[in-house]
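Novice: I'd like to ask some things about the structure below.
The values are calculated or read from the model by the stated rules, or taken from the named source; none is laboratory data. No experiment lies behind these values; they were computed from the predicted model shown. Don't worry about glycine lacking a Cβ; one is built from the backbone with ideal geometry, like all the others, and counts go over all protein chains shown.
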Amino acid sequence: SSFPRKLSETGLFVSTKTLQPAPGIIPYFVNSPLWSDGALKERLLAIPGNSQIGYNEVPYPQPAPGAPRGWKFPDGTVAVKTFSLELETGNPASARRLETRILHLEQTPGSDEVGDQVWRGYTYVWNDDQTDAELLDSSGLDVTYSIKDTSAPGGKRDQTWHYPSRAECTMCHTMPAKYVLGLDTLQLNRDHDYGGVVANQLATFEHLGLFKQPLPDSPDKLPKLPDYTDESADLNGRARAYLHANCSHCHRKWGGGNASFQLLGTLDLAETGTIGIRPNHGSFELHEPSILTPGEPDRSMILHRMTRLRLGRMPHIASSVKDEAAIKLIGDWIRQLPNLDPKRAVDIGAEGIPNQ
């Protein structure tokens, strides 16, 4: 009840109208973004005072084959993500801010020895003037927007945007997923242009004194996810990176998914429990499907669930628009799997795996 009712009252921005971050608030960028129905995203991190991040100090609950460690954030850390949607497809000038989501860490003594933390999620809904956003109550909200889209019948389509309830935040932001999706070594190990100076994000965080200890190695020797949108990159790596970024926060050991397979890009494909395994939740009229059928996209449930809307859709929350580029990517990957080395997307090695 004491949480700020308006985004402008949080102290995160010099101006909510321009979305200029306050001093000390750090923008960050990820290698492989989560699909959010075509929305554009701006990400910020706020570390209170002179406190620091424990690099890879949070283990995965034991045992954890192939699961990377997480960063241990100090009490009061805030992760911020603002979502904008183009009201005319392909025209960035038409982008409208829809919501800003905040995850706020409230640390309790002794709770995080194996990664248990209390992150509370809040959603702010932007006003029509795009000058400020107001805290949404705990129940969530659906709003439908009219989108100009030359590929749609009549040049327009409706898109419903779901503003999540606070309870829904905890469906993906779980202990096995390290709560804050994307704020980790795999996603942040990349170069960024800081106003004409290109530098690695991890090295920049270290230079700013954000880590308690020095990085264990130079960033070029630390693990990183491929950019799945880079069509010049290795097909297997791109596909595994997409599944890691979009699916593995639930589809991992002790994750939120109620199927037994894992989609971590840090596992060899043979270790994921997908190849030739019949799905637990029906065939959806596919002919003898498996979760993953190498060489046969039409018999692979992973791909089929991506193509569905409503019943059986994956992801089953926070998305109602197909990711057509990803559907093509995963289809091409499955089709060529018999000819590919089914290695992991990224090898975290001893750097990321706790003692087992």
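Novice: So, in segment 140-173, exactly how many residues are closer than 19 Å to SER84 by Cα, under 25 Å from the mean Cα position of the chain (by Cα) and not acidic (Asp, Glu)?
Specialist: 14
Novice: Within segment 235-269, work out how many residues are of a type in the set (Lys, Arg) and either assigned to a loop (DSSP other than H, G, I, E, B) or under 21 Å from ILE317 (Cβ atoms) (or both). Before you say what the answer is, go through the steps one by one.
Specialist: Residues of segment 235-269 of a type in the set (Lys, Arg): 238, 240, 252-253.
Next cut, either assigned to a loop (DSSP other than H, G, I, E, B) or under 21 Å from ILE317 (Cβ atoms) (or both) only: 252-253.
Residues that pass the stated criteria total 2.
Novice: Checking GLY70 against (1) farther than 25 Å from LEU208 by Cα; (2) modelled with pLDDT under 95, only one condition comes out false. Which one?
Specialist: Checking GLY70 against (1) farther than 25 Å from LEU208 by Cα; (2) modelled with pLDDT under 95, the one that fails is (1).
Novice: In segment 1-37, how many residues are under 24 Å from the mean Cα position of the chain (by Cα) and among the basic types (Lys, Arg)?
Specialist: 0
Novice: Regarding GLY282, is this residue in contact (Cβ under 8 Å) with a residue 40 or more places away in the chain, assigned to a loop (DSSP other than H, G, I, E, B) and out of contact with any Phe, Trp or Tyr (no Cβ under 6 Å at 6 or more places or on another chain)?
Specialist: no
Novice: Being hydrophobic (A, V, I, L, M, F, W, C) and at pLDDT below 95 is the filter here; which residues of segment 137-149 pass it?
Specialist: LEU141
Novice: Additional query: Here is a list of conditions, (1) modelled with pLDDT of 90 or more; (2) of a type outside the set (Lys, Arg); (3) in contact with a Phe, Trp or Tyr (Cβ under 7 Å, 6 or more places away or on another chain); (4) assigned to a loop (DSSP other than H, G, I, E, B), and TYR55 meets all of them except one; can you say which number that is?
Specialist: Condition (4) is where TYR55 drops out.
Novice: Continuing with the same structure: Specify the residue that is surrounded by the fewest Cβ atoms within 10 Å (Cβ to Cβ); the eligible residues are those in segment 285-328 that are of a type in the set (Val, Ile, Thr) and farther than 18 Å from THR274 by Cβ.
Specialist: Filtering segment 285-328 for residues that are of a type in the set (Val, Ile, Thr) and farther than 18 Å from THR274 by Cβ, the one surrounded by the fewest Cβ atoms within 10 Å (Cβ to Cβ) comes out as ILE317.
Novice: Output the residues belonging to segment 220-242 that are touching a Ser or Thr at 6+ places or on another chain (Cβ under 7 Å) and of a type in the set (Ser, Thr, Tyr).
Specialist: TYR228, TYR242
Novice: While we're here: With touching a residue at least 24 places away in the same chain (Cβ under 8 Å) and within 29 Å of GLU168 (Cα to Cα) as the only criterion, which of SER260, SER320 stands out?
Specialist: Only one candidate qualifies: SER320.
Novice: Only residues that are farther than 13 Å from PHE73 by Cα and at pLDDT 75 or above: list them for segment 96-117, please.
Specialist: ARG96, ARG97, LEU98, GLU99, THR100, ARG101, ILE102
Novice: Which ones in segment 192-234 are crowded, with 16+ Cβ neighbours inside 10 Å and assigned to a strand (DSSP E or B)?
Specialist: Within segment 192-234, ASN200, PHE211 meet the criteria.
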